[in-house]
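Working notes, beginning with the structure itself.
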Amino acid sequence: MTSPTIDFANALAGVVPGTGIDPGRLRGDLAARFRDAHAAVAARRRSGEMGFFELPADHHLAERTAAAAATVARRCESLVVIGIGGSALGTAALRDALLPPSWNELDAASRGDRPRLHLMDNPDPDSVAALLGRLDPAGTCFNVVSKSGSTAETMAHFLIAWEWVESALGPGGLRDRFVVTTSPGRGGLRGLARDHGLCTLDVPHAVGGRFSVLSPAGLFPAAATGIDIDSVLAGAAEMATRCSTPELPGNPAGILATLLHVADTEMDCHVQVFMPYADRLRGLAYWIQQLWAESLGKSVDRAGRLVESGPTPLPSFGASDQHSLLQLLMEGPRDKIVVFLGRDAPERDVDIPARFAEEPALAYLGGHTLFDLLDAERRATSEALRREGRPSLAVMTERLDAHAVGSLLMLFQIAAVYSGELYDVNPMDQPGVELGKKLTFGLMGRDGYARPEVPPSDSRWRV
Ligand code: PA5
């Protein structure tokens with residue numbers, strides 16, 4: 001069983017030339033500030049504001065999710081998740097990290113007779129038409145995921161999928177092909193699902209969209225494709241336990257939140273680059289981006305004062321982006337901190353053959369593996385940044401198994417709510433997203449939403 005560790009030496013003064021955080025502060029003012037943040041989060045958790053903490057122990061919800069997933073897995077060859085933002089990014093993170101690469105290209109036997117997994121998130125007609133064009137309605141199930149049950153993109157995709165199934169199989173084909181994951185209670189999507197006898201799963205009220213990966217929103221598609229959700233939840237529970245201490249040096253999420261907050265507010269490192277050195281962590285990097293951006297990008301603090309705060313999270317991928325973004329990270333504005341994400345050992349490796357010994361550009365590679373190379377690239381990039389006086393952290397796991405991925409998901413969620421306290425903003429709301437949703441409703445003519453005045457494009461300012 002593996003749980004991540006955070007190596008933060010390269011964010012400390014004395015290690016990074018010319019900059020960095022005084023390590024003494026981790027037992028001084030930063031420790032005191034963190035103790036307050038920890039107590040505030042504990043109080044909010046007790047008052048029921050932060051339901052994601054409770055998900056690993058909600059065995060009833062996990063069992064119900066697994067049972068529904070097993071039924072759907074037996075029934076269909078393709079599972080299409082319809083959702084967006086927090087209702088899709090967790091699924092993508094789990095898929096990338098824990099399903100074999102190119103899952104959808106494997107044959108049924110190699111997939112253990114589990115369904116292929118598709119995501120319908122962006123309402124781009126090219127993508128949606130192409131996806132439906134290659135699926136067989138008889139072998140396809142849809143999981144409609146929307147906490148609010150009203151997001152325009154998701155509702156549009158639901159309507160399209162509903163009609164697609166109905167026109168191919170008739171009304172009798174609908175019931176077994178839709179699973180709805182949404183808030184408990186009646187209304188909107190939930191009511192419609194009940195009226196049509198669809199299987200429904202709950203995103204508990206206290207669990208926010210971007211904090212829902214460990215609810216059925218993320219776990220249903222994961223379980224349907226055979227991911228070991230019990231281990232994901234066990235890893236998350238273990239991380240929550242590790243983060244129960246109010247003592248900063250022993251709390252991984254506390255260290256992550258505190259150092260990144262200091263980097264943003266004291267070191268002018270406003271851009272936080274999340275840089276996995278594992279293709280399997282791509283989805284996680286995009287999931288972190290949303291978690292950070294929506295939780296911390298706020299115009300007002302908790303007292304309603306204008307703050308316009310929040311770091312800019314930027315996913316970047318090693319080693320590929322060493323050949324694009326790294327030049328900027330090394331020599332551009334000193335407004336960035338890099339958070340490397342990596343693992344100590346790969347699940348599989350590929351030997352590099354020892355050939356062409358006479359050619360120095362190739363000879364040194366023989367006898368190594370691709371993981372040796374990838375890991376050397378990560379360590380070299382970290383050291384190059386350090387020598388340039390550019391801070392970084394490394395979040396490392398021993399391996400990338402379900403337990404470790406669950407731990408990583410919980411680590412970043414807890415760090416996000418600690419960060420909310422450090423910035424003194426509400427990490428659970430997203431008023432900026434809500435406004436965009438309402439204006440879209442108005443532009444699309446939804447009842448009860450006025451058509452917004454959008455100034456017409458001015459031809460003087462066009463070329
Ligand atoms: O984190 C959030 O709250 C948002 O990103 C939502 O997840 C996203 O807007 C989708 O909302 P819903 O699940 O209500 O359809």
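Taking amide H atoms as placed 1.01 Å from N in the peptide plane, the amide H of residue 312 lies under 5 Å from those of 271, 272, each 5 or more residues away in sequence or on another chain.
For residue 205 and residue 312, the FRET efficiency from 1/(1 + (r/R0)^6), where r spans their Cβ atoms and R0 equals 45 Å, is about 0.90. Take every pair of alpha-carbon atoms less than 8 Å apart whose residues are at least six positions apart; their mean separation over the length of segment 1-153 yields a relative contact order of 25 percent.
Can you tell me the orientation of helix 229-242 relative to the chain, as the angle in degrees between its alpha-carbon axis and the longest Cα principal axis, to the nearest 10? Long axis of 229-242 versus the principal axis of the chain: about 40 degrees. Scalar couplings 3J(HN,Hα) for segment 357-364, obtained by applying the Karplus form with A = 6.51, B = -1.76, C = 1.60 to θ = phi - 60°, are 4, 7, 10, x, 5, 10, 4, 5 Hz; x denotes Gly and Pro. Ranked by the mean number of other Cβ atoms within 10 Å per residue, highest first, peptides 270-278, 304-312, 19-27 order as 270-278, 19-27, 304-312. Working note: Karplus 6.51/-1.76/1.60 with θ = phi - 60° gives segment 288-296 the couplings 4, 4, 5, 4, 5, 5, 7, 7, 10 Hz, where Gly and Pro are set to x.
Taking amide hydrogens as placed 1.01 Å from N in the peptide plane, the amide H of residue 200 sits under 5 Å from those of 180, each at least 5 positions away in sequence or on another chain.
The lysines whose alpha-carbon is closer than 25 Å to the alpha-carbon of residue 336, local same-chain residues fewer than 8 away aside, are 298.
Please state, rounded to one decimal and in Å, the Kirkwood hydrodynamic radius that segment 419-463 gives when every pair of distinct Cα atoms enters the mean of 1/r. Spell out each step's value before the answer.
Values: mean 1/r = 0.0746 Å⁻¹.
Result for segment 419-463, one decimal place: 13.4 Å.
Assign one of three labels to segment 198-349, namely rounded, prolate or oblate, based on the Cα gyration tensor with a ≥ b ≥ c the square roots of its eigenvalues; rounded applies when a/c is under 1.5, prolate when it is not and a/b is larger than b/c, and oblate otherwise. Oblate.
What does the C-alpha gyration tensor say about the overall shape of segment 6-70? Classify as rounded when a/c is under 1.5, otherwise prolate if a/b is larger than b/c, or oblate.
Numbers: a/c = 5.76, a/b = 2.09, b/c = 2.75.
Oblate shape, in that a/c is at least 1.5 and b/c is the bigger or equal ratio.
To check you understand DSSP bridge types, tell me what percent of the beta bridges within the chain (both residues inside) are antiparallel, rounded to 5.
About 15 percent, rounded to the nearest 5.
Here is how the number arises for the chain: DSSP H runs of 4 or more residues each give -39500 (n - 2.57), the sum is divided by the residue count, and the result at 222 nm is -13500 deg cm²/dmol.
In plain terms, the C-alpha convex hull of the chain casts an average shadow of 26.7 nm² when viewed from every direction. What fraction of the Cα pairs in segment 52-227, stated in percent, has a spacing above 22 angstrom? When all Cα pairs of segment 52-227 are counted, 38 percent exceed 22 Å.
Relative contact order for segment 82-173: what is it in percent, counting Cα pairs under 8 Å that are at least 6 residues apart? Working shown, then result.
Numbers: 62 pairs, mean separation 36.2, N = 92.
This gives 39 percent for segment 82-173.
Across the chain, the mean sequence separation of Cα contacts (distance under 8 Å, 6 or more residues apart), normalised by length, yields a relative contact order of 23 percent.
Summarising the amide proton neighbourhood of residue 12: residues at separation of 5 or more, or on other chains, whose placed amide H is nearer than 5 Å comprise 21. In this simple spin-label model, placing a label point 7 Å from the Cα along the Cα-to-Cβ direction at both residue 124 and residue 299 gives a separation of 3.0 nm. Extension gain, residue 349 to residue 166: 0.36 nm times the residue separation minus the Cα-Cα distance gives 61.3 nm.
Just so you know, all these numbers are worked out from the coordinates, no wet-lab data involved. Small disclaimer: the values here were computed from a predicted structure and weren't measured. Neighbour counts run over all protein chains shown; Cβ positions are idealised from the backbone, glycine included.
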